[in-house]
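What follows is a set of notes on a single structure, which appears directly below.
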Amino acid sequence: MEKWRGKNKRIKKDYQSKNLKNPFFRKKEKKKTGNFKKYFLVLILILIIAVAWFFLASSVWRLKNIVVEGLTRIDSSEIKNIAWSREDNRRWLFFKESNFFLFQADALQEEILDKYNFANLEIKKKIPGTISIKISERPYAFIFQEGSTYLYASNDGYVIKEAVVSPEDMSKYFILENKSNSISINEKDKITLKDDYLNFIFSLNQLLSAYQDLPIEKFIIDQELNSVIVKFIDGPAVYFNVKDDLNKQVEYLALVKKEKIGDNFNKTNYIDLRYGSKIFIN
């Protein structure tokens, strides 16, 4: 009889097939962070909305004051009305320019300069609700005449339309009459006269002011190229060459009046100084 050999074999335990748990060791549970993140994002969103509302919609930042400085010829209320009229302009659909931060200073500056011809305009916003507008007006330098229309003009050739020329100023400032078809006032209220012409006229006016016996009635620009005409009170029209030496031309005029014309100056029609030492008199 054969002996059974397997009785001494040891049987291994199958731990994998059984669900064995150790009661003394518990698995660590994962922290529930999902809800916390949601609450945090909602809180951030609410905070952003609250800050945006405070700065863009709160009455704290509503425009309260508009200050205008530097005006002498125009009523400051005209400028203030232009600024206040922007209050109802919409920004980003829901907000208005009545808010300090949303008020467009650049757009206001452009709007004012479209209507008024100022030398300088500076607009600043001052917290919490003030708009400061500083203006430099163009000073009067001469009077520009076209037909029966008289306008003040600055030394850089801009006409000033907002003021009516007074009779007193007709003798205070020199008059420049335009009889040329090629010279006009452009859309920016600037006289389309070349700088060398205007500079020549200012210099000529200064030189002639030293001659008490040569009172000027007006300066004239006509179709003649490179020419400026001076009409003297009770005297002739004198032609000057813009491209020639100004001092010599004035000296020639004084010499001609003293030595050649004398008492007949008031009876002379014109003197032409445009051709150097060749002077034409009629």
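Before moving on, here are some points about what is shown:
- Members of segment 121-155 that are of a type outside the set (Gly, Ala, Ser), in contact (Cβ under 8 Å) with a residue 24 or more places away in the chain, closer than 29 Å to Ile66 by Cβ and outside any strand (DSSP E or B): Ile127, Pro128, Tyr140
- Among the residues of segment 219-237, those identified as in a loop (DSSP other than H, G, I, E, B) and in contact with a Ser or Thr (Cβ under 9 Å, 6 or more places away or on another chain) are Asp222, Gln223, Glu224, Gly235, Pro236.
- Taken as a whole, the structure places Phe240 among residues that are part of a strand (DSSP E or B), modelled with pLDDT of 95 or more and more than 17 Å from Ile183 (Cα to Cα).
- Once segment 101-111 is narrowed to residues that are assigned to a helix (DSSP H, G or I) and out of contact with any Leu (no Cβ under 6 Å at 6 or more places or on another chain), the residue that is farthest from Asn81 (Cα to Cα) is Asp106.
- Residue match in segment 162-178 (condition: of a type in the set (Gly, Ala, Ser) and in a strand (DSSP E or B)): no
- Between Phe144, Phe174, the distinction of being hydrophobic (A, V, I, L, M, F, W, C), surrounded by 14 or more Cβ atoms within 10 Å (Cβ to Cβ) and closer than 16 Å to Leu246 by Cβ belongs to Phe174 only.
- Hits in segment 35-76 (condition: at pLDDT below 85 and basic (Lys, Arg)): Lys37, Lys38
- Considering residues of segment 236-282 that are touching a residue at least 12 places away in the same chain (Cβ under 8 Å) and among the acidic types (Asp, Glu) only, the residue nearest to Ile220 (Cα to Cα): Asp272
- Scanning segment 183-218 for residues that are free of Cβ contacts under 8 Å to residues at least 12 places away in the same chain and in a loop (DSSP other than H, G, I, E, B) yields a total of 8.
The values are calculated or read from the model by the stated rules, or taken from the named source; none is laboratory data. What you are looking at is a predicted structure, and each value in this text was computed from that prediction instead of being measured. So basically every Cβ, Gly included, is an ideal-geometry build from the backbone, and we count neighbours across all protein chains shown.
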